[in-house]
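To start, the structure under review is shown below, and the notes come after it.
The values are calculated or read from the model by the stated rules, or taken from the named source; none is laboratory data. Computed from a prediction, not measured in an experiment: that's the story for all the values here. Cβ atoms come from the backbone with ideal geometry, glycine included; neighbour counts cover every protein chain shown.
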2 protein chains.
Amino acid sequence: MIRFAIIGHVARTSSDFSLTDLPGGAGRMDLLCRCVSASLFLSHGIRKNTLCYLILLGEPDAPKTILFDGSRVHHLSPDERNIASHIQKALRIPCGAIFRESGQGITVRRGGLEKLLAEYRFCVLDEGGRDIRREDTLAGCENYLLSDHGNFTPDEADAIAGAACIPLSLGPRVLHADHAIVLVHNERDRAEVLFG
Amino acid sequence: MIRFAIIGHVARTSSDFSLTDLPGGAGRMDLLCRCVSASLFLSHGIRKNTLCYLILLGEPDAPKTILFDGSRVHHLSPDERNIASHIQKALRIPCGAIFRESGQGITVRRGGLEKLLAEYRFCVLDEGGRDIRREDTLAGCENYLLSDHGNFTPDEADAIAGAACIPLSLGPRVLHADHAIVLVHNERDRAEVLFG
């Protein structure tokens, strides 16, 4: 199973945002929606081996984590508005310590980065890291952590360092998180064909 | 200058679509918007050396081509709704044989694929093509042609063959057009660093 986790530092944690203002009122939810799309969608299919975690840290009820499970989602389209409507639905249900389903393949729980880092070991996408194209870089690395339009905060950077996340670089430019996910998938797709 | 051209086979050619239904009423305009975003946006900047052509072939007034010029666009955000609003504005102005400006860095003209193929030589992204990672594949190839969610039509395939477009492959999976653009940019970014 491949996991992508994206931190949305200002992403709204209640359902009271408008689907017509995802970048503003919803706290750059447009970017998080594109990350879900990049994580799960092939041209005519879904990546069933992929999970996408959105860590929402905006007002008024942070932290919450929404999980999209590629093996189970249904009626999900790759456009921002559709994905945002599923996020809105997830933010409408009561939120506890354990993931609870708001729609097929979509679940939500209370908690953020530290909880996830305690469960899985992540690689962190970072311009200063080891080039993902170098041999063996992908071996043993199935979980990838990214930040939204902002950098990791000092507290997050400490948690990441404490969890011994491996830093990986994707190339010479600083890219949007959703574009970074596309590159990770491509690298894995190629490795899968080469090495089975 | 790098050019991406994307054919939108059902993309609406008048401005009378709703920004709340880009996949349906607007004819998969959501995908074309993501292609503009993938062509032009870095994490905190614009790719000034890149042009993105949307070839719109849907009802009621096809063909039209909208051009986004990375060196000149302003007030463009990477979210689908914002980009779609600029497309709508371009579809509102009278459309002639020559590109005419509807907003800063955004122009529109009458005409489609054949007109563009007569002006520039394109590589076409195609699963059966030569792997973009092979040495020299990028040399002399600065223009990239893609299709939306549908395949090229037989007429388009003939025009592409007639123009001697070079087929390029990006990897083992069939991807969304916007994801393909991300991969091309990454390949070029890496080559630029290696070879200046």
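So B:Pro78 fits all but one of (1) away from every other protein chain (no Cβ under 14 Å); (2) in a loop (DSSP other than H, G, I, E, B); what number is the exception?
Condition (1) is where B:Pro78 drops out.
Got a sec? Which of B:Leu183, B:Leu168 is among the hydrophobic types (A, V, I, L, M, F, W, C) and within 15 Å of the chain's Cα centre (by Cα)?
Criteria check complete, one pass: B:Leu183.
For segment B:150-170, which positions are out of contact with any helix residue (DSSP H, G or I) (no Cβ under 9 Å at 6 or more places or on another chain) and either touching a residue at least 60 places away in the same chain (Cβ under 8 Å) or outside the structural domain of B:Arg133 (by TED's automatic domain parsing) (or both)?
B:Gly150, B:Thr153
Output yes when any residue across segment B:113-130 is out of contact with any Leu (no Cβ under 9 Å at 6 or more places or on another chain) and of a type in the set (Ser, Thr, Tyr), and no when none is.
Looking for residues that are out of contact with any Leu (no Cβ under 9 Å at 6 or more places or on another chain) and of a type in the set (Ser, Thr, Tyr), one finds at least one in segment B:113-130, hence yes.
For every residue, the table says whether it meets (1) in contact with an Asp or Glu (Cβ under 6 Å, 6 or more places away or on another chain); (2) within 24 Å of A:Glu192 (Cα to Cα); (3) among the basic types (Lys, Arg); (4) modelled with pLDDT under 95.
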position	(1), (2), (3), (4)
A:Arg3	no, yes, yes, no
A:Asp21	no, no, no, no
A:Arg28	yes, no, yes, no
A:Cys33	yes, no, no, no
A:Ser43	no, yes, no, yes
A:Leu51	yes, yes, no, no
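Do the conditions hold for B:Cys52, that is, is it surrounded by 23 or more Cβ atoms within 10 Å (Cβ to Cβ) and either free of Cβ contacts under 8 Å to residues at least 60 places away in the same chain or within 26 Å of B:His185 (Cα to Cα) (or both)?
Spelling it out, B:Cys52 is indeed surrounded by 23 or more Cβ atoms within 10 Å (Cβ to Cβ) and either free of Cβ contacts under 8 Å to residues at least 60 places away in the same chain or within 26 Å of B:His185 (Cα to Cα) (or both).
Criterion first (surrounded by 15 or more Cβ atoms within 10 Å (Cβ to Cβ), among the small types (Gly, Ala, Ser), in a helix (DSSP H, G or I) and within 14 Å of chain A (Cβ to nearest Cβ)) does B:Ala90 satisfy it?
Here the answer is no, as B:Ala90 does not meet what is asked.
Do we find that B:Thr50 is within 14 Å of another protein chain (Cβ to nearest Cβ), in contact with a Leu (Cβ under 8 Å, 6 or more places away or on another chain) and of a type in the set (Ser, Thr, Tyr) in this structure?
Answer is yes for this residue.
State whether one or more residues within segment B:23-30 are closer than 28 Å to B:Arg121 by Cα, among the hydrophobic types (A, V, I, L, M, F, W, C) and away from every other protein chain (no Cβ under 11 Å).
Looking through segment B:23-30, none of the residues is closer than 28 Å to B:Arg121 by Cα, among the hydrophobic types (A, V, I, L, M, F, W, C) and away from every other protein chain (no Cβ under 11 Å).
Please go through segment A:39-52 and give me each residue that is outside any loop (DSSP other than H, G, I, E, B), closer than 13 Å to A:Met1 by Cα and either among the aromatic types (Phe, Trp, Tyr) or in contact with a Ser or Thr (Cβ under 7 Å, 6 or more places away or on another chain) (or both), ordered by number.
A:Ser39, A:Leu40, A:Thr50, A:Cys52 - these are the residues of segment A:39-52 that are outside any loop (DSSP other than H, G, I, E, B), closer than 13 Å to A:Met1 by Cα and either among the aromatic types (Phe, Trp, Tyr) or in contact with a Ser or Thr (Cβ under 7 Å, 6 or more places away or on another chain) (or both).
Against the definition (under 15 Å from the mean Cα position of the chain (by Cα) and at negative phi), how does B:Leu42 come out, yes or no?
Judged against the criteria, B:Leu42 is not a match.
I'd like the residue in segment A:157-196 that is among the β-branched types (Val, Ile, Thr) and within 16 Å of A:Cys52 (Cβ to Cβ) and, out of all such residues, is farthest from the other protein chains (Cβ to nearest Cβ).
That would be A:Val184.
Here is a list of conditions, (1) at pLDDT 95 or above; (2) within 30 Å of A:Ile83 (Cα to Cα), and B:Pro94 meets all of them except one; can you say which number that is?
Only one criterion is unmet by B:Pro94, namely (2).
How many residues, within segment B:1-17, are hydrophobic (A, V, I, L, M, F, W, C), buried (at least 24 other Cβ atoms within 10 Å of the Cβ) and assigned to a strand (DSSP E or B)?
Qualifying residue count for the region: 4.
Could you look through segment B:18-41, keep only residues that are among the small types (Gly, Ala, Ser) and without any contact (Cβ under 8 Å) to a residue 12 or more places away in the chain, and pick out the one that is surrounded by the fewest Cβ atoms within 10 Å (Cβ to Cβ)?
Top of the filtered list is B:Ser18.
Can you find even one residue in segment A:10-27 that is closer than 30 Å to B:Gly171 by Cβ and out of contact with any helix residue (DSSP H, G or I) (no Cβ under 8 Å at 6 or more places or on another chain)?
no
Looking at A:Arg173, A:Arg133, A:Arg100 in this structure, which one is surrounded by fewer than 20 Cβ atoms within 10 Å (Cβ to Cβ) and either touching a residue at least 24 places away in the same chain (Cβ under 8 Å) or out of contact with any strand residue (DSSP E or B) (no Cβ under 8 Å at 6 or more places or on another chain) (or both)?
Going through A:Arg173, A:Arg133, A:Arg100 in turn, the sole match is A:Arg133.
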